[in-house]
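These notes are about the structure you will find just below.
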Amino acid sequence: MSISLTRYLVEQQRAEGHIPSELRLLLEVVARACKSISQAVNKGALGDVLGTAGSENVQGEVQKKLDIIANDVLIEANEWGGHLAAMASEEMDTIHVVPNRYPQGEYLLMFDPLDGSSNIDVNVSIGTIFSVLKKTDASKGVSEDDFLQAGMHQVAAGYCVYGPQTTLVLTVGDGVAMFTLDREQGSFVLTQENVRIPADTKEFAINMSNMRHWDEPVKRYIDECLQGEEGPRGKNFNMRWIASMVADVHRIMTRGGVFMYPWDKREPNKPGKLRLMYEANPMSWLVEQAGGTATNGRQRILEIQPTQLHERVSVILGSKNEVDRVTSYHLKG
Ligand code: P6P
């Protein structure tokens with residue numbers, strides 16, 4: 001008997017009391033939006049969805065048509081339900097407050113609507129990343145400051161990877177579950193729960209072309225991996241880099257590994273490339289809920305107190321013993 005996302009969430013709500021009905025509604029709406037995004041992604045060249053939109057986002061990155069389509073799908077799906085106060089997105093400069101014509105709720109939804117969009121036109125897996133917080137002060141209107149909470153305060157986080165399968169991966173603080181889209185039924189079906197990341201791995205994910213720009217601790221770690229079984233690690237390592245965080249993280253959630261997008265000297269004033277609020281925080285909580293760890297090289301990512309909505313962070317996450325090793329190299333200085 002297959003278990004749908006809806007049944008899983010209802011049973012979680014009933015058994016664990018983890019999921020208030022407003023949060024369950026939010027998660028079901030986000031899942032439905034991911035289904036719509038998956039349909040648009042799957043059209044490829046058959047639909048008017050490929051190529052650039054002729055605009056740039058707040059990060060100064062060229063926006064793909066599908067970036068905008070995915071963002072619009074998530075906004076339109078979530079603004080009428082009464083569960084949200086506001087939304088924030090990689091593709092929008094400021095927060096999107098739920099319009100007055102709809103009731104406002106207490107939840108805050110952040111997302112990267114289509115992460116890895118440089119892979120869209122070459123048919124490589126991409127995905128949606130989302131994170132849910134609650135307003136800290138229910139008595140007053142919502143502002144950007146409500147979003148500036150450390151990742152440990154998330155109440156739900158997940159991603160949907162649009163690959164050979166469309167798979168939704170979700171946590172509400174009671175472990176990680178995976179749901180695969182059954183296109184015949186049009187529903188997400190539970191395909192794995194209690195996801196666990198092995199503490200050890202022989203696989204690292206990093207963009208090696210940036211090697212000359214890395215800080216010494218990262219150079220040391222990767223160099224030791226490259227020395228293989230003759231070197232200090234005493235084992236050979238494999239490398240993967242899909243350049244789509246959702247796909248790289250999904251591989252780690254599925255078979256372990258360490259993902260690194262560290263600070264480097266190319267833009268020394270930026271702490272890293274990836275965004276804290278809607279990329280690093282949701283992925284870090286998922287990884288921790290699956291037994292892995294996630295740091296910026298020196299600090300647990302989920303403890304970082306954000307100061308800006310679109311701030312960036314250095315990311316090292318995945319198999320606990322490897323992430324702890326990289327972190328120890330940073331802390332030794
Ligand atoms: P690079 C995609 O643009 C992204 O934000 C992440 O999904 C991915 O891990 C990273 O950037 C890839 O960056 O510099 O290797 O192209």
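By a 1.4 Å probe calculation restricted to protein chains, residue 208 has an accessible surface near 50 Å², given to the nearest 10. Residue by residue, segment 2-17 carries 3J(HN,Hα) couplings of 6, 10, 6, 4, 4, 5, 4, 5, 5, 5, 5, 5, 6, 7, 9, x Hz when phi is fed to the Karplus relation 6.51 cos²θ - 1.76 cosθ + 1.60 (θ = phi - 60°); x denotes Gly or Pro.
Of 265/320; 43/134; 235/270; 235/332; 65/202; 65/135, which ones are farther than 28 Å apart at the Cα? The pairs that break the limit, which is 28 Å between Cα atoms, are 43/134; 235/270; 65/202; 65/135. Taking the protein heavy atoms of segment 203-332 in the context of the full set of protein chains, the accessible area attributed to carbon and sulfur is 47 percent at 1.4 Å.
Which one, 125, 38, 58, is farthest towards the positive end of the dipole of segment 5-192 when Lys and Arg carry +1 and Asp and Glu -1 on their Cβ? The Cα lying farthest towards the positive end belongs to 38.
Using R₀ = 22 Å, calculate the FRET efficiency as 1/(1 + (r/R₀)^6) where r is the Cβ-Cβ separation of residue 118 and residue 192; round to 0.05.
0.20
When you filter the GluC sites (Glu not before Pro) in segment 174-263 for DSSP loop state and at most 11 other Cβ atoms inside 10 Å of their Cβ, you are left with 184.
In segment 31-156, carbon and sulfur make up what percent of the accessible area (probe 1.4 Å)? Taking all protein chains in place, segment 31-156 shows 49 percent carbon and sulfur surface. Each DSSP beta bridge with both residues in the chain is either parallel or antiparallel, and the antiparallel ones are about 85%.
Among 244, 187, the sequence by solvent-accessible area, most first, with a 1.4 Å probe is 187, 244.
Result for the chain in a Gaussian network model with C-alpha springs under 10 Å: among 86, 199, 156, the largest mean-square fluctuation is at 199.
Between segment 270-286 and segment 1-79, how far is it from one alpha carbon centroid to the other, in angstrom? Centre-to-centre distance over Cα atoms comes out at 18 Å. Absence of a disulfide-compatible partner, taken as no other cysteine beta carbon within less than 4.7 angstrom, is noted in the chain for 225.
The candidates 285, 241, 214, arranged from most to least accessible area with a 1.4 Å probe in the full protein assembly, appear as 241, 285, 214. For segment 116-129, putting each phi into the Karplus relation 6.51 cos²θ - 1.76 cosθ + 1.60 with θ = phi - 60° gives couplings of x, 5, 5, 8, 4, 6, 10, 6, 10, 3, 9, x, 10, 10 Hz, in residue order, rounded to whole numbers and with x for Gly and Pro. Within segment 274-333, the proportion of Cα pairs with more than 14 Å between them is 50 percent. Per-residue extension of 0.36 nm, minus the Cα-Cα distance of residue 229 and residue 13, leaves a gain of 72.9 nm for this segment. Within the listed set 268, 20, 113, the Gaussian network model of the chain (springs between alpha-carbon atoms below 10 Å) gives the highest mean-square fluctuation for 268. Overall, segment 5-192 carries a charge dipole of about 560 debye about its Cα centre when +1 sits on the Cβ of Lys and Arg and -1 on the Cβ of Asp and Glu, all other atoms neutral. Taking all protein chains together and a 1.4 Å probe, the residues 73, 326 rank 73, 326 from largest to smallest accessible area.
Estimated at the nearest 10 Å², the accessible area of residue 7 is 90 Å² with a 1.4 Å probe.
Summing Cβ point charges (Lys, Arg +1; Asp, Glu -1) relative to the Cα centre of the chain gives a dipole of roughly 620 debye. Send over a whole-number figure in Å² for the accessible area per residue of the chain, probe 1.4 Å. For the chain, the solvent-accessible area averages 42 Å² per residue.
With the helix formula -39500 (n - 2.57) applied to DSSP H stretches of n ≥ 4, the chain reaches a computed 222 nm mean residue ellipticity of -9000 deg cm²/dmol.
Per-residue accessible area for residue 8 at 1.4 Å probe radius, Å² rounded to 10? My reading of the accessible area for residue 8 is about 30 Å².
When the chain is treated as a GNM with alpha-carbon contacts under 10 Å, the residue of 317, 170, 274 showing the greatest mean-square fluctuation is 274.
The values are calculated or read from the model by the stated rules, or taken from the named source; none is laboratory data. Model, not experiment: these values are computed from the prediction. Positions of Cβ are generated from backbone atoms using ideal geometry, with glycine treated the same way; all protein chains shown enter the neighbour counts. Note: areas computed on protein heavy atoms with side chains; ligands, DNA, RNA excluded. Shrake-Rupley method; radii C 1.70, N 1.55, O 1.52, S 1.80 Å.
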